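Working notes, beginning with the structure itself.
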Amino acid sequence: MFTSWKEVAAERTVMALSYLPDVFWNGMSQFGAWLLDRQKGHIARASIKLALPDTEPQHSHQIARASARHSLNYALSLPRLKHISYQLHDLTTVQEAVAEDRGVIIISLHTGPPDLGTMALTRAGIHTKTVIGAGKQSPWLNSLGRSALQRAGIQFIQRGNPTAVLQAIKQKYAVFLYSDMRAKEMPVTFFGQETSAPASGIYAAMLSKTPILFHYCTLAENGEWQLWFERFDIELKDNRNDSVQHNLQRLIHKMEAVIKNHPELWIWHYDRFKLKKKIRKRS
């Protein structure tokens, strides 16, 4: 199959990055986290105040700074995904869902290195695919991401191709989707704020009667990522749209509970509540 020079360049760049020493990555992470918090820290702190109103200001600052550091580590983790230490919990839960022979939809939360769970299940013998961005805004970064996933042995589907997702489910894959981001698919409340979220995972599961798992990561004191998978059973309402709305909101509440318990691990600098035009950046 023909490979473009851009794909070759991306692959070689990822390979070179994977061999860089930890001191380089630590430096990049510290500088990047400082820059991120300097540029978007006002959004992070305002978001924390909205979502966790009882948090003391000093604790809010601590959460925001830790979130910036983790967010940068997440972004920089893909080239080194194979070297990240983790513990896979709930493998039996995943295997039981796979045994139903209808594929599996795994809805994930942005806590932990992206697609660490995908790689972990692949290594455990589960046929998995992940859905990634289409790369329209940053084609080069998308190429780097795709090369990094390939290097980690992860199969992927680019966003905007629902047919490919349904086909993967039909082929009995476990498909990873991230659903804590904004999307214009369906209105929900997130920490009491009106917003919207991706509903395609719930829709696809109901259409194909596919089991859903909720996935998130936590971090142990020794720096080892803990990977968790929970069964999420659909509750049916009077019609399909009501069922999707109800279950998507239930899923959002699960995400809120994880974030409340581990606020420093979530990506608060992402403007989830569209606060950019409502608040001023402090000089």
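The values are calculated or read from the model by the stated rules, or taken from the named source; none is laboratory data. Everything numeric in this text was worked out from a predicted model, so none of it was measured. Cβ coordinates were reconstructed from backbone atoms using ideal geometry, including for glycine residues, and neighbour counts include every protein chain displayed. Side chains included, ligands, DNA and RNA excluded: accessible areas come from the protein's heavy atoms. Shrake-Rupley method; radii C 1.70, N 1.55, O 1.52, S 1.80 Å.
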For the Lys260, Arg240 Cβ pair and Förster radius 45 Å, calculated FRET efficiency rounded to 0.05 is 0.90
Note: Gln58 to His253 extended length (0.36 nm per residue) minus current alpha-carbon separation gives 67.6 nm
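Please check the chain for the longest run free of trypsin sites (Lys or Arg not before Pro) that are loop-located per DSSP (anything but H, G, I, E, B) and have at most 11 other Cβ atoms within 10 Å. Please list the in-between numbers first.
Working: sites that count: Lys136, Lys184, Lys209, Lys274, Lys277, Lys278, Arg280, Lys281, Arg282.
With trypsin sites (Lys or Arg not before Pro) excluded where exposed in loops, the chain gives 1-135 as its longest stretch.
For Ala66 and Ala164, what is the calculated FRET efficiency with R₀ set at 35 Å and r taken between the beta-carbons, to the nearest 0.05?
Numbers: r = 36 Å, r/R0 = 1.03.
Efficiency at R0 = 35 Å is approximately 0.45.
FRET efficiency for Glu100 and Lys274, Cβ-Cβ distance as r, R0 = 51 Å, nearest 0.05? Each step should come with its number before you reach the end.
Values: r = 39 Å, r/R0 = 0.76.
About 0.85, to the nearest 0.05.
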Among GluC sites (Glu not before Pro) in the range 184-283, those in a DSSP loop whose Cβ has at most 13 other Cβ atoms within 10 Å are Glu221, Glu224, Glu235
Cross-link reach from Lys170 to aspartates and glutamates, straight Cα distance under 20 Å and at least 8 residues apart if same chain, gives Glu96, Glu100, Asp101, Asp233
Restricting to Cα pairs under 8 Å and 6 or more apart, the percent relative contact order of the chain works out to 27 percent
Options (1) 155; (2) 124; (3) 146 for volume of the Cα convex hull per residue in Å³; the value derived from the coordinates is listed as (3)
If the chain between Gln150 and Gln30 were fully extended at 0.36 nm per residue, the gain over the current Cα-Cα distance would be 40.5 nm
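Could you tell me which of the pairs Lys184/Lys274; Lys40/Lys277; Lys184/Lys276; Lys40/Lys274; Lys82/Lys172; Lys40/Lys254 are separated by over 21 angstrom between their Cα atoms in the structure shown?
Numbers: Lys184/Lys274 13 Å; Lys40/Lys277 12 Å; Lys184/Lys276 18 Å; Lys40/Lys274 12 Å; Lys82/Lys172 25 Å; Lys40/Lys254 26 Å.
From the list (Lys184/Lys274; Lys40/Lys277; Lys184/Lys276; Lys40/Lys274; Lys82/Lys172; Lys40/Lys254), the Cα-Cα distance tops 21 Å for Lys82/Lys172; Lys40/Lys254.
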If unit charges are put on Cβ atoms (+1 for Lys and Arg, -1 for Asp and Glu) and the dipole of the range 122-233 is taken about its Cα centre, the option from Gly223, Thr210, Gly192 lying farthest towards the positive end turns out to be Thr210
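What whole-number value in Å² describes the accessible area per residue of the range 55-172 for a 1.4 Å probe? Walk me through the intermediate numbers first.
Working: 5740 Å² over 118 residues.
Per-residue value: 49 Å².
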The extension gain from Glu224 to Met206, computed as 0.36 nm times the residue separation minus the Cα-Cα distance, is 3.0 nm
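With +1 on each Lys and Arg Cβ and -1 on each Asp and Glu Cβ, and nothing else charged, work out how big the dipole of the range 177-283 is about its Cα centre, in Debye to the nearest 20. Don't skip to the answer; put the middle values down first.
On the way: 17 positive and 13 negative charges, 160 e Å.
It comes to approximately 780 debye.
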Carbon plus sulfur, as percent of the 1.4 Å-probe accessible area of the range 131-283, comes to 48 percent
Averaged per residue, the 1.4 Å probe accessible area of the range 173-283, protein heavy atoms only, in Å², is roughly 52 Å²
